[in-house]
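One structure is given below, encoded as structure tokens.
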Amino acid sequence: LGVESAVGYISSVANPEDYSMFVVLDIVQAETMGQISRTGFVKGWSQQKVAANPKSHKAHVQRLCKQVVTDPAYFKKLYDLAFRIGKEPQQRALDMESAITFWGVLFEPTMHSWRSPKVNWLEAWSGFLRGKFYVENGNSSRWTRTVSRDLWTQTAAFAARTMEDESLGFWSEEQAWPGLIDEFVVWCREKGIVPGKKEKGMEVDD
């Protein structure tokens, strides 16, 4: 299927702007965002063991979307898929604009939220990246950074840790987080999004 046909099919069984898009692309074994092969389509849906019609396909996609909430392994599968099919075939990195869009879809509030009780991490992360790498020059604009596979993977790991500890107490300079995540932690403390790091030996008055 070409781009137009692929978009048309996805629109008939899912929403191209939410989680269900990645569910469909996973089922049909897509290699890129804009193309669905006949082989992948036939093989993928035959493995799902559902009736071969759009109504059944759509219902099955909706069931799988609910699985994301309770199945971390399935979320990881879709998260990894987004990077692989989102980048250009000959490129090793994902462009930043696509990455931010995908994070917005993958960390959708009702499915797999990246928002702890006091911090909207998705908003903070996106804002940090825009402020650092988005350049506007007259009538043109561009991103000055791409997202490597390591940064993409480690962002998901970091997101999981922030949901367990929104103070970022788990982070330290000695850990092997990507440099950009280290910078984000410093930025969050400077912006007052999380408390600043306490110096060792500092006493706190009662």
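Could you check the simple spin-label distance between Asn139 and Asp80, using points 7 Å along Cα→Cβ, in nm with one decimal? Rounded to a tenth, the inter-label distance reads 4.5 nm.
Once the Cα-Cα distance is subtracted from the 0.36 nm per residue extended length, the Thr110 to Glu123 segment shows a gain of 3.2 nm. Between Arg130 and Ala59, the FRET efficiency estimated from the beta carbon spacing at R0 = 22 angstrom works out to 0.05.
Could you tell me whether the stretch 20-91 comes out rounded, prolate or oblate from its Cα gyration tensor? Rule is a ≥ b ≥ c as square roots of the eigenvalues, rounded for a/c under 1.5, then prolate if a/b exceeds b/c, otherwise oblate. Cα axes put the stretch 20-91 in the oblate bin.
Summing Cβ point charges (Lys, Arg +1; Asp, Glu -1) relative to the Cα centre of the chain gives a dipole of roughly 980 debye.
For the chain, the 222 nm mean residue ellipticity estimated from helices alone, with every DSSP H stretch of n ≥ 4 adding -39500 (n - 2.57) and the total spread over all residues, rounds to -18000 deg cm²/dmol. In this structure, the residue pairs whose Cα-Cα separation is over 20 Å, taken from Lys118/Lys191; Lys58/Lys87; Lys43/Lys66, are Lys58/Lys87; Lys43/Lys66.
Distance between the pseudo-spin-label points of Arg38 and Arg189 (7 Å out from Cα toward the beta carbon): 5.9 nm.
Rounded to the nearest 0.05, what FRET efficiency is calculated for Thr153 and Ser12 with R0 set to 30 Å and r the Cβ-Cβ distance?
Taking R0 as 30 Å, the efficiency between Thr153 and Ser12 is 0.40.
Model label sites at Ala52 and Glu4, defined 7 Å from Cα along the beta-carbon direction, differ in position by 2.5 nm.
Since every read-out is calculated from the coordinates, none of them should be taken as a lab result. These numbers come from a predicted model, not from an experiment. Here the Cβ is made from the backbone with ideal geometry for all residues, glycine too, and neighbour counts use every protein chain on show.
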